[in-house]
Amino acid sequence: MTATDTHRTIDAVWRIEQAKLIAGLARMVRDVGLAEELAQDALVVALEKWPATGIPDNPGAWLMATAKNRAIDRLRRAKLFERKQAELGRDLDEQQETAVEALDAALDDDIGDDLLRLVFTACHPLLSTEAQVALTLRLLGGLTTEEIARAFLVSEPTVAQRIVRAKRTLTEAGVPFEVPRGPDRADRLSSVLGVLYLVFNEGYTATAGDDWMRPQLCKEALRLGRILAELVPQEPEVHGLVALMEIQASRARARIGPSGEPILLLDQDRARWDQLLIRRGLAALDLAEKLAPVAGPYALQAAIAACHARARRGEETDWARIAALYEALVEVTPSPVIELNRAVAVAMAFGPAAGLALVEALTAEPSLASYHLLPAVRGDLLARLGRFEEARAECERAASLTRNARERELLLERAAACARESAPPLS
């Protein structure tokens, strides 16, 4: 294995294991910022050792053991023990023994709901909504500030500043690492749902990197969503989000080709869709609709996904209903991205010209200036109208804006196809 291959493997392992490391450490040290620092220390050691020694048989366990040792080293330092002594009212020697033993037990145990605790801690009301989402994406999803910035359609420095301030705020306030109860839980639930939604989406269609999907993020978001549904069974939007994630996750096997290339919805082999996940999703949607006759944003998105899931073939999709559901979604949650999705549905239901008219109205939207799907959708609609040269330019622009290598390849293939269509015939 080359050094490059090793570093790619380390990056993959890190994305999978980071949240577990941070969650386990945070439960012990009661400081999310310190827990992240300890986990990063373990990553640095891996980057130093693994290229020479090779990847361990169980890299996750190796990282956990290294992080644990680093945490124990920190706990043995005088200043930290003095703080723990003040908090717990024990003498230094007794505290050291107890803290180290507790840390061993905490990190060797199954982490259980630690990831859920991590999400609720990051969604504390002391933080702004933007900071809550950014911090949880960083800690739970292992996303870089660049990837989070692209998800938010804001600048990298803005996201970096939010994360630094959020960790400082939690540390200074001594926020407990726990799942809140009563009114506090209700207050934070909306933010938690938003975080899980973005984590799932990052796994479903990665904003950057060499892979079209990050399945582990989808699985983690779905697992946490199911836990939430058990925790607050009367909350319709929790079931709505679970329904959406179940149905979307059902397509995972069909979304990637043999070489890792993306396969778009209408080109997928629907026989490969996971029918168990679809049934679970439809059941969760039914429960959400029974709990709240007026659907919220997640239930509406789940209803859109259900339209696709119920269609045995792409041409049987009820695009008119999907367009109507997007219109209702815009009323509940106004967003130019949702407007763009509505334009796609309108184009499928009523023709590309109708969809293009809606897309053209979005071209002046500042938040979509660097959003690659705007020119991608415009290019597709232009191609369907036979305006291939314009379509080629839009697909090339979309390719230049995306940070995902697989998506870039797909867009450049579309651009090349448009170029062939627009080329004059050979004489």
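The values are calculated or read from the model by the stated rules, or taken from the named source; none is laboratory data. From a predicted model like this one, the values you see are computed outputs, not experimental measurements. Cβ: placed from backbone, ideal geometry, glycine included. Neighbour counts: every protein chain shown. What goes into the accessible areas is simple: the full protein's heavy atoms, side chains included, and nothing from ligands, DNA or RNA. Shrake-Rupley method; radii C 1.70, N 1.55, O 1.52, S 1.80 Å.
Would you mind telling me which numbered condition in (1) open to solvent by less than 60 Å² (accessible area, probe 1.4 Å); (2) at pLDDT 85 or above Met28 fails?
(2)
Evaluate the following for Leu92: is it at pLDDT below 55, on the phi < 0 side of the Ramachandran plot and among the hydrophobic types (A, V, I, L, M, F, W, C)?
On the way: at pLDDT below 55: yes; on the phi < 0 side of the Ramachandran plot: yes; among the hydrophobic types (A, V, I, L, M, F, W, C): yes.
For Leu92, the condition - at pLDDT below 55, on the phi < 0 side of the Ramachandran plot and among the hydrophobic types (A, V, I, L, M, F, W, C) - is met.
Would you pick out the residues in the stretch 160-177 that are within 22 Å of the chain's Cα centre (by Cα) and either at positive phi or open to solvent by 50 Å² or more (accessible area, probe 1.4 Å) (or both)?
Correct list: Gln161, Arg162, Val164, Arg165.
I'd like the residue in the stretch 118-130 that is open to solvent by 10 Å² or more (accessible area, probe 1.4 Å) and assigned to a helix (DSSP H, G or I) and, out of all such residues, is farthest from Trp14 (Cα to Cα).
Thr129
Name the single residue that is farthest from Val179 (Cα to Cα) among those in the stretch 195-231 being open to solvent by less than 20 Å² (accessible area, probe 1.4 Å) and of a type in the set (Gly, Ala, Ser).
Out of the qualifying residues, it is Ala208.
If we scan the stretch 375-397, do we find a residue that is in contact with a His (Cβ under 9 Å, 6 or more places away or on another chain), under 25 Å from Ala295 (Cα atoms) and free of Cβ contacts under 8 Å to residues at least 60 places away in the same chain?
no
Going residue by residue through the stretch 64-78, is there one that turns out to be within 23 Å of Leu224 (Cβ to Cβ), of a type outside the set (D, E, K, R) and crowded, with 17+ Cβ neighbours inside 10 Å?
Yes, the stretch 64-78 contains a residue that is within 23 Å of Leu224 (Cβ to Cβ), of a type outside the set (D, E, K, R) and crowded, with 17+ Cβ neighbours inside 10 Å.
Name the single residue that is least open to solvent (accessible area, probe 1.4 Å) among those in the stretch 268-319 being closer than 26 Å to Val332 by Cα and basic (Lys, Arg).
Of everything passing the filter in the stretch 268-319, Arg280 is least open to solvent (accessible area, probe 1.4 Å).
Does the stretch 215-258 hold any residues that are assigned to a helix (DSSP H, G or I), farther than 18 Å from Asp286 by Cα and of a type in the set (Lys, Arg), and which are they?
Of everything in the stretch 215-258, those that are assigned to a helix (DSSP H, G or I), farther than 18 Å from Asp286 by Cα and of a type in the set (Lys, Arg) turn out to be Lys219, Arg223, Arg253.
Report, ordered by the first and then the second residue, all pairs with beta carbons closer than 8 Å, sequence separation of six or more or different chains, a first member in the stretch 318-330 that is more than 9 Å from Ile304 (Cα to Cα), and a second member that is surrounded by 18 or more Cβ atoms within 10 Å (Cβ to Cβ) and acidic (Asp, Glu).
Every condition considered, the pairs that remain are Val330/Glu339.
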